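Right, one structure below, let's go through it.
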Amino acid sequence: MKFEDLLLEIGGFGRFQILILAILCLARINLPMHFLLHNFLAATPSHHCAIPHQEAFVNLTVEEVLLISIPRKPDGTFSSCEMFSQPQFHLLLNSSLQAVNKSIIQHCQHGWVYDHSQFTSTISTQWDLVCEQRGLNQATATFFFIGVTMGAMVFGFGRKTMLQLSLMCSLVFGMLSAASVSYTMLAVTRTLTGVALSGLSLIVLPLGMEWVDVQHRTFTGILSSIFWSVGNMLLALAAYLVREWHWLLVAVTGPCLLSIVCLWWVPESARWLIARGKVKQAHRHLLRCARMNGRKDFAVSPEALTRMATDKNMGGSYSYISLFRTPVLRKISLCSGVVWFGVAFSYYGMSMNLTGFGLSIYLSQFVFGVIEIPAKMAMYVLVNRIGRRQSQAWTLILAGVCIGANIVIPKPFASLRSVVAIMGKGCSEAAFTTVFLYTSELYPTILRQNGMGYTSFMARLGGALAPLVFLLDEVWRSLPEVTYCGVAVCSGAVAFLLPETLNVRLPEGIEDIEKPRVKVPPEASPPEGVPLQALLK
């Protein structure tokens, strides 16, 4: 007997599973509210050097004080990081004149003045993370994603207990982040928050899918993914209502407490318990599932579950090195690693660039969340029509093309730039949705978890580097967009080197990878373990 046979007897998608998915999807909303929080937490409003002794200019307007104190940039706007060493009163007579003597221009000496019309405070305004300190501002996102990467080693095993620990740690470190009194404290607590939230990212989906029958697994994966988009939209709402960064952190961390309370109604994964020989606990949860689904005639002995646990032993020992030992598997691992890096790099690059499209930062965040939902639904159809490889490659390439198009579209065409950006975000999300299903079908059963762990690491690496690329605009204004565009197009092209897996029997061992794969009829049910989209974003 297999676990799938047990699910048929106790009900593979009844009231029991619906309750579990509702609670786990509620917990999943917490993820994007922290993963994309950098957009608002570290937002940098317009600013200029603080001007000393302004009381001496009581007869001048604010505009005139700026004119004689702050040099202009080539586009006519006032510099954010420079000031005149002495007031240039002659500019009052002819503002078109600009000082040619660079010796009278210096860096800000007395701090900065910020525009608080959009944000009451951010970490940029709190600790003056602008100009020479701008890199520290972007680094907060990188620290967070480094924490997420490290968390995979801490929470890469277990189910409900580790999920509870993840949520409690997320709540504690999130609140400590809100109470930060220095940049160093914030950097450390945000890194630890990333470590904690990694458990939520890794465990929620497998815990839900291991209670669901084969026919409803893809639906479960898409449903869980949609709640990521819901979290995207809720983040925009929370940031719009809460403009002070301390309280914004409290607002996005608070839902973890609700998730902790609700999680008491979620049972441990019976499949996971059986695999580890804990058959008595598994038996108790199976009986509860059967009662809740109205299958009162269900009866299975713990001895039968013990035999099932023995049958699940695959034999052999495998590690991440096994992904690169044989030629075909090595090619798959190298190419899929590049694809995952490109998917995450371009996704977070677009998600963290919400300006320049003619929309407010809050509306851009909300619209970017909305467009993800039809993108996910479209891919649910396309991957079964044109195949996984074509879907993966072209969604990535089109995302890169949209990023590149906005480089050449002039800034005054704000509406056109907004449409192109939204299309690019939709393609980027479609690529992210596809890569989980595709990767789970590329690797054999005995190495599937190792393969997903390796590709997840590549995605985290892409997510950690994406915020730092914005600093390249000091070299050339469009260099960040060119970088995102190039990586997306190149990684999309690499996807063409991967084998197609549509209607192909899932490989069980490494030998199945190294020989031509066998196609199965489209209506055939996939075998157990497909797909555990365990590391979604």
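Using every alpha carbon pair in the range 130-184, what percent of pairs falls into each 10 Å bin from 0 up to the bin containing the largest distance?
Here the calculated profile for the range 130-184 is 19, 43, 27, 9, 2.
Helix 183-209 versus the longest principal axis of the chain: what is the Cα-based angle in degrees, 0 to 90, to the nearest 10?
The two axes meet at around 30 degrees.
Return the calculated 222 nm mean residue ellipticity for the chain, to the nearest 500 deg cm²/dmol, obtained by summing -39500 (n - 2.57) across DSSP H runs with n ≥ 4 and dividing by the residue count.
Result for the chain, helices only: -19500 deg cm²/dmol.
Mean separation of Cα pairs under 8 Å and 6+ residues apart, divided by the residue count of the range 348-419: what relative contact order is that in percent? List each step's numbers first, then the result.
On the way: 26 pairs, mean separation 31.9, N = 72.
The value is 44 percent.
Compute the orientation-averaged projected area for the range 144-235 from the convex hull of its Cα atoms and round it to one decimal in nm².
Details: hull surface 26.0 nm².
Dividing the Cα hull surface by four gives the mean projection, 6.5 nm².
What's the ranking of 50-58, 19-27 by average number of surrounding C-beta atoms within 10 Å, highest first? Don't skip to the end; give the middle numbers.
Details: 50-58: 11.9, 19-27: 20.8.
Descending packing order for the listed peptides: 19-27, 50-58.
Classify the range 169-286: rounded, prolate or oblate, from the alpha-carbon gyration tensor (a ≥ b ≥ c, eigenvalue square roots; a/c under 1.5 rounded; otherwise prolate if a/b is larger than b/c)? If you can, show how the numbers build up before the last one.
Details: a/c = 2.86, a/b = 1.84, b/c = 1.56.
Prolate is the answer for the range 169-286, as a/c is 1.5 or above and a/b outweighs b/c.
Relative to the first principal axis of the alpha-carbon coordinates of the chain, what is the inclination of helix 327-351, with its axis defined by its Cα atoms, in degrees from 0 to 90 and to the nearest 10?
40
As a test of understanding, state the convex hull volume per residue of the range 229-347 from its alpha carbons, in Å³.
Working: hull volume 25.4 nm³, N = 119.
It comes to 213 Å³ per residue, whole-number rounded.
Heavy atoms only, 1.4 Å probe, whole protein assembly: order Tyr380, Tyr348, Tyr114 by accessible area, highest first.
Numbers: Tyr380 105, Tyr348 5, Tyr114 30 Å².
I get Tyr380, Tyr114, Tyr348, largest accessible area first.
For the ranges 273-279, 115-121, what's the packing order if you count other beta-carbon atoms within 10 Å of each residue, average per peptide, and put the highest first?
Values: 273-279: 17.6, 115-121: 13.9.
Final packing ranking: 273-279, 115-121.
Enter the accessible area of Thr433 (Å², nearest 10), with the probe set to 1.4 Å and all protein chains included.
10
Percent relative contact order of the chain, based on C-alpha pairs within less than 8 angstrom and at least six residues apart? Each step should come with its number before you reach the end.
Working: 860 pairs, mean separation 103.5, N = 537.
RCO, the chain: 19 percent.
Sorted by mean Cβ packing within 10 Å, highest first, what order do the peptides 166-172, 300-306, 177-183 take?
Details: 166-172: 22.7, 300-306: 14.6, 177-183: 16.4.
Most protected by this proxy first, the peptides run 166-172, 177-183, 300-306.
With only Lys, Arg, Asp and Glu charged, each at its Cβ (+1 for the first two, -1 for the last two), find how big the charge dipole of the chain is about the Cα centre; round to the nearest 20 debye.
Numbers: 41 positive and 31 negative charges, 322 e Å.
Its charge dipole is roughly 1540 debye.
First check a/c for the range 340-466, with a ≥ b ≥ c the square roots of the eigenvalues of its C-alpha gyration tensor; if it is under 1.5, answer rounded, and if not, answer prolate when a/b is larger than b/c or oblate otherwise. Working shown, then result.
Working: a/c = 2.39, a/b = 1.80, b/c = 1.33.
It is prolate, given that a/c is not under 1.5 and a/b is the larger ratio.
Which far-off residues, 5 or more places away or on another chain, put their amide H under 5 Å from the one on His48, with H placed in the peptide plane?
Val113
Taking a threshold of 26 Å on the Cα-Cα distance, which of the pairs Lys376/Lys411; Lys2/Lys296; Lys160/Lys280; Lys73/Lys411; Lys2/Lys280 fall above it?
Working: Lys376/Lys411 30 Å; Lys2/Lys296 20 Å; Lys160/Lys280 17 Å; Lys73/Lys411 17 Å; Lys2/Lys280 17 Å.
Exceeds cut-off: Lys376/Lys411.
Using the Karplus equation 6.51 cos²θ - 1.76 cosθ + 1.60 (θ = phi - 60°), what ³J(HN,Hα) coupling, rounded to whole Hz, does each residue of the range 135-150 give in order, writing x for Gly and Pro?
x, 5, 5, 5, 5, 4, 5, 5, 4, 4, 6, 4, x, 4, 5, 5
On alpha-carbon atoms, Rg over Rh for the chain using Kirkwood Rh?
Working: Rg = 26.4 Å, Rh = 25.3 Å.
A ratio of 1.05.
Please give the length that would be gained between Val482 and Lys331 if that part of the chain were fully extended, namely 0.36 nm times their separation in residues minus their C-alpha to C-alpha distance (nm, one decimal).
Fully extending the segment from Val482 to Lys331 adds 51.6 nm.
Please list, ordered by chain and number, the residues whose modelled amide H lies under 5 Å from the amide H of Glu210; skip anything fewer than 5 residues away on the same chain.
Distant-sequence amide H within range of Glu210: zero hits.
Take the Cα atoms of the range 215-263, find their three principal axes, and give me the spread along each one in whole Å, biggest first.
The Cα atoms of the range 215-263 stretch 46, 24, 10 Å along their principal axes.
Order the following by accessible area, largest value first: His285, His90. Probe radius 1.4 Å; ligands, DNA and RNA are ignored. Each step should come with its number before you reach the end.
On the way: His285 30, His90 85 Å².
Accessible-area ranking of His285, His90, largest first: His90, His285.
Short version: ³J(HN,Hα) in whole Hz for each residue of the range 22-29, in order, from phi by Karplus 6.51 cos²θ - 1.76 cosθ + 1.60 (θ = phi - 60°), x for Gly and Pro, what are they?
Here the 3J(HN,Hα) series is 4, 5, 5, 5, 4, 5, 5, 4 Hz.
Set Lys and Arg Cβ to +1 and Asp and Glu Cβ to -1, take the dipole of the range 1-113 about its Cα centre, and tell me which of Val62, Ser85, Ile20 lies farthest positive.
Selected residue: Ile20.
Leaving out ligands, DNA and RNA but keeping every protein chain, what accessible area does Asp473 have, in Å² rounded to the nearest 10, with a 1.4 Å probe?
Using a 1.4 Å probe on the heavy atoms, I get roughly 60 Å².
Would you kindly calculate the mean projected area, averaged across all directions, of the convex hull enclosing the Cα atoms of the range 10-81, in square nanometres? Intermediate values should be presented prior to the final figure.
Values: hull surface 37.6 nm².
If you wrap the Cα atoms of the range 10-81 in a convex hull and average its projections, you get 9.4 nm².
For Ile18, what accessible surface area do you get with a 1.4 Å probe? Give it in Å², rounded to 10.
100
Over the Cα atoms of the range 103-260, Rg to Rh with Kirkwood Rh, two decimal places? Mind showing how you got there, number by number?
Working: Rg = 18.9 Å, Rh = 17.6 Å.
Over the Cα atoms of the range 103-260, Rg/Rh equals 1.07.
Put +1 on the Cβ of each Lys and Arg and -1 on the Cβ of each Asp and Glu in the chain; which of Ser301, Cys335, Met458 then has its Cα farthest toward the positive end of the dipole?
Ranked along the dipole, the leading option is Ser301.
Just report the Cα centroid separation between the range 14-51 and the range 348-388, whole Å.
Their Cα centres are 16 Å away from one another.
Sequence gap at least 6, Cα distance under 8 Å: using those rules, report the relative contact order of the range 1-121 to the nearest whole percent.
On the way: 99 pairs, mean separation 33.0, N = 121.
Result for the range 1-121 is 27 percent.
Please report the orientation-averaged projected area of the range 428-493, defined via the convex hull of its C-alpha atoms, in nm². Kindly include the intermediate steps, with their values, before the conclusion.
Values: hull surface 19.8 nm².
Computed as one quarter of the Cα hull surface, the answer is 4.9 nm².
Using a 4.7 Å cut-off between beta carbons, which cysteines in the chain end up with no partner cysteine at all?
That list is Cys25, Cys169, Cys256, Cys262, Cys289, Cys335, Cys402, Cys427, Cys485, Cys490.
Pull up all non-local amide H partners of Ile105: gap of 5 or more, or a different chain, and H-to-H distance under 5 Å with H placed in the peptide plane.
For Ile105, the qualifying residues are Ser85.
Under the Karplus relation 6.51 cos²θ - 1.76 cosθ + 1.60, θ = phi - 60°, what is the ordered set of whole-Hz ³J(HN,Hα) values for the range 30-45, x standing for Gly and Pro?
Along the range 30-45, the couplings run 4, 4, x, 5, 9, 5, 10, 5, 3, 4, 10, 4, 10, 4, 10, x Hz.
The values are calculated or read from the model by the stated rules, or taken from the named source; none is laboratory data. Treat the numbers as computed from the prediction; the structure is a model and nothing was measured. Cβ sites come from the backbone with ideal geometry, for glycine too, and all protein chains shown count toward neighbours. For the accessible areas, the whole protein counts, side chains as well, though only heavy atoms, and no ligand, DNA or RNA atoms are used. Shrake-Rupley method; radii C 1.70, N 1.55, O 1.52, S 1.80 Å.
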